[in-house]
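Colleague: Below is the structure I would like to discuss, written out as structure tokens.
The values are calculated or read from the model by the stated rules, or taken from the named source; none is laboratory data. This structure is a prediction, so every number in the text was calculated from the model and none was measured. Cβ placement follows ideal geometry from the backbone for every residue including glycine, while neighbour counts extend to all protein chains displayed. Surface areas here come from the heavy atoms of the whole protein model, side chains and all, with no ligands, DNA or RNA. Shrake-Rupley method; radii C 1.70, N 1.55, O 1.52, S 1.80 Å.
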Amino acid sequence: GLDSDLIRTDPRVAVLPDTHPLAGREAIHRSELAGESFPVWSNLTPAEMKYWLGTDLTDYDWQPGPAVHDSAQFIGSIRLGQGVGFLPAAHVPEHLPAGITVMPVVGLSPSQLRITWATSAISPNVARFVRHATEHTTAVVTA
């Protein structure tokens, strides 16, 4: 019962503690983080869990890290060395907290921002909003 249009696509990056052995490299491959601990977001569907673990393209082993409920807990657990994670590049703050390294990742699905509406919506206002949103955005963003 839903329809959607792509607004933009962003690469995702790895978020690591500064003390991680891979920190400081130019880029890493998703396979190099196989077996790592990842903060686990609560109440995710199986598909959402695969996305946040970076296992939606290829199934990699991973260990459950601390349960997190918000971005502060997510970043905090990584900063404390309790796991690693992935974020859309567009969501990385300009000034990172001390103790955090962000790196490009090869072999990781991108983040997609989509505008979604009910297929039964026939409102001209919905149509104008969707048209405006899709005409005034960049469909592909590179890191």
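Colleague: Which numbered condition trips up residue 40, out of (1) more than 16 Å from residue 78 (Cβ to Cβ); (2) touching a residue at least 12 places away in the same chain (Cβ under 8 Å)?
Modeller: (1)
Residue-wise test of (1) open to solvent by less than 80 Å² (accessible area, probe 1.4 Å); (2) hydrophobic (A, V, I, L, M, F, W, C); (3) within 21 Å of residue 20 (Cβ to Cβ).
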| site | (1), (2), (3) |
| --- | --- |
| 45 | yes, no, no |
| 59 | no, no, no |
| 65 | yes, no, yes |
| 70 | yes, no, no |
| 78 | yes, yes, yes |
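Colleague: Taking segment 80-94 on its own, how many of its residues are over 12 Å from the mean Cα position of the chain (by Cα) and more than 17 Å from residue 17 (Cβ to Cβ)?
Modeller: 1
Colleague: To continue, here is another question. Within the bounds of segment 25-37, is there any residue that is free of Cβ contacts under 8 Å to residues at least 40 places away in the same chain, open to solvent by 70 Å² or more (accessible area, probe 1.4 Å) and not charged (D, E, K, R)?
Modeller: no
Colleague: Every residue in segment 50-67 that is free of Cβ contacts under 8 Å to residues at least 12 places away in the same chain and either more than 12 Å from residue 86 (Cα to Cα) or of a type in the set (Asp, Glu) (or both), please.
Modeller: Of the residues in segment 50-67, the ones free of Cβ contacts under 8 Å to residues at least 12 places away in the same chain are 50, 55, 59.
Listed by number, the list holds a single entry, 59.
Colleague: To continue, here is another question. Right, residue 22: surrounded by fewer than 19 Cβ atoms within 10 Å (Cβ to Cβ) and within 24 Å of residue 93 (Cβ to Cβ) or not? Give the steps one after another, and end with the answer.
Modeller: On the way: surrounded by fewer than 19 Cβ atoms within 10 Å (Cβ to Cβ): yes; within 24 Å of residue 93 (Cβ to Cβ): yes.
Yes, satisfied.
Colleague: If you don't mind, another one. When the residues of segment 129-143 are filtered to those that are among the polar types (S, T, N, Q) and open to solvent by less than 100 Å² (accessible area, probe 1.4 Å), which remaining residue is modelled with the highest pLDDT? Steps first, please.
Modeller: We begin by selecting, within segment 129-143, every residue among the polar types (S, T, N, Q); these are 134, 137-138, 142.
Among the residues that remain, those that are also open to solvent by less than 100 Å² (accessible area, probe 1.4 Å) are: 134, 137-138.
Values: 134: 77, 137: 62, 138: 54.
In this case the residue turns out to be 134.
Rundown of residues vs (1) out of contact with any helix residue (DSSP H, G or I) (no Cβ under 9 Å at 6 or more places or on another chain); (2) loosely packed, with under 13 Cβ neighbours inside 10 Å; (3) under 21 Å from residue 8 (Cβ atoms), yes/no style:
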{"position": "86", "(1), (2), (3)": "no, no, yes"}
{"position": "94", "(1), (2), (3)": "yes, yes, yes"}
{"position": "102", "(1), (2), (3)": "no, no, yes"}
{"position": "113", "(1), (2), (3)": "no, no, yes"}
{"position": "117", "(1), (2), (3)": "no, no, yes"}
{"position": "122", "(1), (2), (3)": "yes, yes, no"}
{"position": "127", "(1), (2), (3)": "yes, yes, yes"}
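Colleague: Of the residues that make up segment 2-14, is at least one of a type in the set (A, V, I, L, M), touching a residue at least 24 places away in the same chain (Cβ under 8 Å), open to solvent by 50 Å² or more (accessible area, probe 1.4 Å) and more than 30 Å from residue 115 (Cβ to Cβ)?
Modeller: Step one: filter segment 2-14 for residues of a type in the set (A, V, I, L, M), giving 2, 6-7, 13-14.
Applying the additional criterion that residues be touching a residue at least 24 places away in the same chain (Cβ under 8 Å) yields 2, 6-7, 13-14.
From what is left, the residues that are open to solvent by 50 Å² or more (accessible area, probe 1.4 Å) are 2, 6.
Remaining after also requiring more than 30 Å from residue 115 (Cβ to Cβ): none.
For segment 2-14, residues of a type in the set (A, V, I, L, M), touching a residue at least 24 places away in the same chain (Cβ under 8 Å), open to solvent by 50 Å² or more (accessible area, probe 1.4 Å) and more than 30 Å from residue 115 (Cβ to Cβ): absent.
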